[in-house]
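The structure appears right after this line, and notes come after that.
Every number here is computed from the coordinates shown, using simple stated rules; none is lab data. All figures in this text were calculated on a predicted structure; none of them were measured in a lab. FYI the Cβ positions are ideal-geometry reconstructions off the backbone, even for glycines, and counts take in every protein chain you see.
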Amino acid sequence: MKKEFYSKFLFLCILLLPVLSCGGGGGGGGIIYINAPTGISVFGGDGYINLSWQAVSNADSYKIYMHSSSGVSKSIYTSTVSNSSNSYKWSSLTNNVTYYFVVTSLLSGVESHESFTVSAKPRAIFIPPVAINAVADDGKVVLSWNSLPGLTYNVYWSTSNGVSKSVYSGKFQNLTSTLTHSSLANGTTYYYVITAVNGASESSESLEVSSTPVLPSGLDVTINGSAFYEDKEYDLSGFTAIKPDKPVRYAIVEVVESSTSNVLASSSTDFAGNFSITYTPSPVSAIYMRLFAETTGASNPPVRVMDVNTAAGFTVAGADFTPSIGTSSQVQLFIPVSSYAAGAFNILDVFTYAGEFIKSLEGSPPSPEVKAYWNSGNWSYGTYFCDTFDAVYCPNGDGTYILGGDGSGGGDTDEYDDDVLLHEYGHYAASLYSRDDSQGGSHWITDNDLDMRLSWSEGWCHFMLAAVKEWMDINHPGSLSSSGGSPITTYVDTDGTGASFFDINVPLSSMIYSSNEVAVANALWNSQQNTFSAMSGIWNAFADYMPNTYDADLPANLEAFWDGWLTTNTPSFNEYSTFEAAFADRQIDYSLDAFESDNTGNPARKISVGAAENHTIYKSYSSVQADLDYVAFDGNLGVQYTISTSELKNGADTIIRVLNSSLVPIAGAYNDNANGLSYFDCIDDCPSNDDSKLSLLASELNFIAPSTQTYYVEIKSSVTRPDSSGRYGSYTLRITSP
């Protein structure tokens, strides 16, 4: 199980540190300190405003202060309420008036300073119909739509497409839910849009629907239609004001009899969101169209989006209508962002594109289906992928659990965070095609000492989201939800008020080593961009070597991928050098050190006592296994020497021993871990891969020379290393004498 909500929230804290305090404060002497809430979101509805914020870990309650001007504070406010949870619905407000809010945290009666000020306007929201039916008949078209109480509707029509409130041939006003447009010419196509009217206000136009009156012929009913959902564009600052319409692709669509709920016929949408269903009614009855957030078709990636609380699939239903025998009906289904289900269809679309990306590499879509569990009020779970049963975190079994909001559109939600979703799909891909040995848990994107299994798992997913987006941009231009100002390699996570991000192509200079997840992603990305094998070479190592050829007793990490790339791609030396350089850019030192001539014991090259040397252990272009380092030094009879490794990087875990001038080991002159402890059998409590001299995996040996001669220090990867470390890495060797 990958508990991704940890990593997500922790990297947000890292990026917001200049302005926010991300840890629970505390002090000595009995002083109580409590942080103010962060990540506050507001959403205005009809006569109310919903507020939500990230929970403060040690808070026992919160206070919300409201004012009608921007200077709201704990001492200047119109009204205040206390609340035990991290969301609140402030009701009985006046529409179209701006209200300002700050929130504080309380702990044992001690109140924090104020949060940042947020504001919103309550407003009556109304939208055009989202499901329109146009039934053709002899000389007429019958329109019907899903209406809302208290609203009337205007219908604009024309014999040319592109009809709008300002470009039309005719107009019908003050309608409720149906219109029969008569005295029309058979064979002529008529185009319609519908608006909702609330007093003097008129909404925007619906999507256009068309129909062609004809003489009925035959006994069949044909229903042609299309399905679209409204997406949210985002950039590095969060969501923009642009909400593009996107087709619902490969989804199940059904004809349902209104009176009995029986399914009369079914089909699926195509890549453009279009569908066509022909059936023979017996007898003709009122029907509606039902669209599922679930793909179908053997050649399409199988994806299903379900409610996290009920495990039921997400569906949307159109308005009732009665089709005509021998003619065709046109149905337009549209799911706006204001609809509860719209987020489910974005999840469906993102996972479908990711599945098509894998199909381009594998030749067939992934299987079994990707299951996504979400609803708009899902604060109980974060966003993470489960591949093992866990009744607490994964109550519905395997699948991706996706963070929702507070049920009213507020809060930090992930259903439109495409990068977060693609990252989680990367875990699904690893579970299905490769190996993922990560233990999960908390991790920050600036951590350079992560468990190597964890840094690989997260780094792979950061890389994969960029690879999928690059593929989408090349093969399906316009499919991305990110704006042109957001690099493809950027991971953006919106939080309700803005966004946090990092770029795997241009990471912070401090993100280094194979034990850092962003450094891993950067090494993969540079390899994919600059080596001859590109994505196919990456995928071969990931999906062929790692699950099938790599030693099952060794943990899956970046080293396994390195070995797999060398094995499955058989690169030339120049290609290998390019690959090596992609890693070295992040100080992942799978490269020759300055003393590789020592590897068989070279008495002509000695280290001076008191000096330090930097070495690497790794599998090179021509080697079969990780190298051994032999470093010679002159030892004098009876003198004590301290031999140590330190500054271990890239997951190194050393073991040292002393050999005589004939390269014969000296009894008792060896050391694995300087502290004398072993971490070989650790599971979740493995040591981190820190690069300090006090590393738990460093070695230190006090050696008294039994004679004056040339000695050798043999340094290699420890055979009792924990699974959190690696077989390769770099270290500093020191030999000192009092």
Item checked: Inter-label distance for GLU257 and VAL719, nm, one decimal - labels placed 7 Å from Cα along Cα-to-Cβ -> 7.4 nm
Item checked: Integer Hz, Karplus 6.51/-1.76/1.60 couplings in order for the range 127-139, x for Gly and Pro -> 10, x, x, 9, 9, 10, 10, 10, 9, 7, 8, 5, x
Margin query: Just to be sure I understand the model, the point goes 7 Å from the Cα along the line to the Cβ. What's the resulting THR94 to ASP544 distance in nm?
Written below: 7.1 nm
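Under 15 Å from the Cβ of ASP46, count the other residues' Cβ atoms, weight Lys and Arg +1, Asp and Glu -1, and hand me the total. Intermediate values should be presented prior to the final figure.
Numbers: positive: LYS89, LYS121, ARG123; negative: none.
Surrounding charge for ASP46 is +3.
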Notebook entry, point to check: Can you give me the Cα centroid spacing of the range 304-366 and the range 454-491 in angstrom?
Noted result: 22 Å
Checklist line | Label point at ALA200 placed 7 Å out along Cα→Cβ; residues across the range 144-166 whose backbone nitrogen lies under 15 Å | finding: none
Next item on the list: With a cut-off of 19 Å, note down the residues of the range 541-567 whose backbone N falls inside the zone around a label point 7 Å from the Cα of SER367 toward its beta carbon.
Entry: none
Checklist line | Whole-Hz couplings from phi, Karplus 6.51/-1.76/1.60, listed for the range 156-161; x for Gly and Pro | finding: 10, 9, 7, 8, 10, 6
Checklist line | Residues whose placed amide H lies under 5 Å from that of PHE502, excluding near-sequence neighbours | finding: TYR491
Margin query: At 15 angstrom or more along the helix axis (alpha-carbon based) and mean Kyte-Doolittle of 0.0 or higher, what helices does the chain contain? Whole DSSP H runs only.
Written below: 4-16, 342-362, 452-475, 573-584
Next item on the list: Determine the distance separating the Cα centre of the range 662-721 from the Cα centre of the range 107-142; give it in Å without decimals.
Entry: 64 Å
Next item on the list: Could you pull out every one of the aspartates and glutamates with an alpha carbon less than 20 Å from that of LYS140, ignoring same-chain neighbours closer than 8 positions?
Entry: GLU208, ASP220, ASP320
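Based on the alpha-carbon gyration tensor of the range 581-738 and its eigenvalue square roots a ≥ b ≥ c, which shape applies: rounded if a/c is under 1.5, prolate if not and a/b is larger than b/c, or oblate? It would help to have the intermediate numbers written out before the result.
Numbers: a/c = 1.89, a/b = 1.33, b/c = 1.42.
Because a/c hits 1.5 or more and a/b fails to exceed b/c, the range 581-738 counts as oblate.
At a Förster radius of 56 Å, what calculated FRET efficiency corresponds to the Cβ-Cβ distance of SER276 and ASP553, to the nearest 0.05?
Values: r = 55 Å, r/R0 = 0.98.
That gives a FRET efficiency of 0.55.
What per residue convex hull volume, in Å³, do the alpha-carbon atoms of the chain yield? Let's see the in-between values first.
On the way: hull volume 137.5 nm³, N = 738.
Value for the chain: 186 Å³ per residue.
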Item checked: Lys/Arg +1, Asp/Glu -1 at C-beta; the range 263-382 dipole; positive extreme among TYR373, GLY273, ILE358 -> TYR373
Check: Using the 10 angstrom Cβ neighbour count as an exposure proxy, how do TRP456, TRP444 rank, fewest first?
Finding: TRP444, TRP456
Checklist line | Farthest toward positive dipole pole in the chain [+1 Lys/Arg, -1 Asp/Glu at C-beta], among VAL284, ASN146, ASN614 | finding: ASN146
Notebook entry, point to check: Using a Cα distance threshold of under 20 Å, what count of lysine pairs results for the range 596-736 when pairs must be 8 or more residues apart or interchain?
Noted result: 6
Notebook entry, point to check: To the nearest Å, what is the center-to-center distance of the range 417-446 and the range 639-661, using C-alpha atoms only?
Noted result: 35 Å
Next item on the list: Please list, or write none, the aspartates and glutamates whose alpha carbon is within less than 14 Å of the alpha carbon of LYS121, excluding same-chain residues fewer than 8 places away.
Entry: ASP46
Margin query: Using Cα-Cα distances under 8 Å and only pairs 6 or more residues apart, what relative contact order does the chain have, in percent?
Written below: 10 percent
Note to self: Report for the chain the percent antiparallel among DSSP-assigned beta bridges with both residues inside it, nearest 5.
What the structure shows: 90 percent
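Once R0 is set to 25 Å, what does the formula 1/(1 + (r/R0)^6) return for the Cβ-Cβ distance between SER692 and ALA581, expressed as a FRET efficiency to the nearest 0.05?
Numbers: r = 27 Å, r/R0 = 1.09.
For SER692 and ALA581, the calculated efficiency is 0.40.
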